[in-house]
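Visitor: Sending over a structure as C-alpha cells; questions will come in a sec.
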Amino acid sequence: MSSLKIFIEAASGQFDAAMAESTKDLTAASMTTARKGADIAKREGRANIAAAGFSQKWQNTLTTIVYPKEGVSTQPTILLYSKIKYSNIFEEGGSIFGHPLLWLALPTAPKMIGRNRTTPSLYASHVGPLFSIVRAGKRPLLAARIRTSQKGKRGGVQFKTVPMFVGIDETTLKARFAIHQVAEKVGDQLPEIFAAEFNKG
C-alpha cells in the first residue's frame, strides 16, 4: 500500500469524523430549537386566546407537536393546532349555518351547566324539558316551565313560561384571536434561537 493512499484514507476518515460530529451538533441544535419554539408558540398562543376572553379550557386546547416524535432530524417541524375542530372560525371569522336552526341561549338561561356552555340538549337532560313557541313572523323560541315562589289560586305550586333559547338560521362571527400571527412571530425568532443553541457546542 502506498504512502499516498494511506494519507488519503486518513484524511478521509478525519473528514468523515468531523462531518459526523458537525451533523450531530447541527441535529441537537435543530431539535432543541424546535422544542423551544414549540413551547413559545403554545405559551403565546394560549395568551392570545385568553386575551380574546376565552376560558382556560379553551386555552388548553391549543397545543404543539414536534416532528419527528421519535428520533432526531436536522429539519424538525413544529405543528401548532387546536383540539377544537371548529376553532378556526374564531381565527378568520365567518358564518355558521344551522341545520335547520342554531339555538342561542337567552339571558334567562343558565350560562353554564357543569363546565359546559348551556345548550338545549344539556338543559333538557340536566334541568328540565323544553317546548317550542312558534310565533308568526318572528324567530322561534324554546321555553321552559319554571316554578315560582308564588302560590296558585288553590294553594298549589305556580309555574311560569320562560323563553330559554331563540332559533336563528345563521350567525356571523368576527375574528377573535390571531394564532397565525403568533406562529409567524415565533418563526422569526427561530434563527436566533438556533444560533444560540449551535454555538453552545
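Visitor: For region 110-134, enumerate the residues that are in a loop (DSSP other than H, G, I, E, B), within 15 Å of residue 146 (Cα to Cα) and under 26 Å from the mean Cα position of the chain (by Cα).
Guide: Of everything in region 110-134, just one residue is in a loop (DSSP other than H, G, I, E, B), within 15 Å of residue 146 (Cα to Cα) and under 26 Å from the mean Cα position of the chain (by Cα), namely 110.
Visitor: From the list 55, 87, 95, pick out the single residue that is open to solvent by less than 80 Å² (accessible area, probe 1.4 Å), among the hydroxyl-bearing types (Ser, Thr, Tyr) and free of Cβ contacts under 8 Å to residues at least 12 places away in the same chain. Before you say what the answer is, go through the steps one by one.
Guide: Working: 87 fails: free of Cβ contacts under 8 Å to residues at least 12 places away in the same chain; 95 fails: free of Cβ contacts under 8 Å to residues at least 12 places away in the same chain.
Going through 55, 87, 95 in turn, the sole match is 55.
Visitor: State whether the residues of region 72-81 include one that is open to solvent by 40 Å² or more (accessible area, probe 1.4 Å), touching a strand residue (DSSP E or B) at 6+ places or on another chain (Cβ under 9 Å) and farther than 29 Å from residue 173 by Cα.
Guide: Yes, region 72-81 contains at least one residue that is open to solvent by 40 Å² or more (accessible area, probe 1.4 Å), touching a strand residue (DSSP E or B) at 6+ places or on another chain (Cβ under 9 Å) and farther than 29 Å from residue 173 by Cα.
Visitor: Among the residues of region 66-97, write down those that are in a loop (DSSP other than H, G, I, E, B) and on the phi > 0 side of the Ramachandran plot.
Guide: Once the filter is applied, which keeps residues that are in a loop (DSSP other than H, G, I, E, B) and on the phi > 0 side of the Ramachandran plot, region 66-97 yields 71, 93.
Visitor: Applying the selection to region 181-201, what residues are closer than 20 Å to residue 42 by Cβ and open to solvent by 100 Å² or more (accessible area, probe 1.4 Å)?
Guide: 181, 184, 185, 188, 192
Visitor: Exposed (fewer than 14 other Cβ atoms within 10 Å of the Cβ) and either touching a Lys or Arg at 6+ places or on another chain (Cβ under 9 Å) or at pLDDT below 90 (or both), is that true of residue 137?
Guide: Details: exposed (fewer than 14 other Cβ atoms within 10 Å of the Cβ): yes; either touching a Lys or Arg at 6+ places or on another chain (Cβ under 9 Å) or at pLDDT below 90 (or both): yes.
Taking the combined requirement at face value, the residue satisfies it.
Visitor: Just to be sure before I move on: is residue 137 at positive phi and not in a strand (DSSP E or B) in the structure I sent?
Guide: Values: at positive phi: yes; not in a strand (DSSP E or B): yes.
The answer is yes for residue 137.
The values are calculated or read from the model by the stated rules, or taken from the named source; none is laboratory data. Keep in mind the model is a prediction, meaning the values are calculated, not measured. Virtual Cβ from ideal backbone geometry, glycine too; neighbours counted across all protein chains shown. Please note that ligands, DNA and RNA were not included when accessible areas were found on the heavy atoms of the full protein model with its side chains. Shrake-Rupley method; radii C 1.70, N 1.55, O 1.52, S 1.80 Å.
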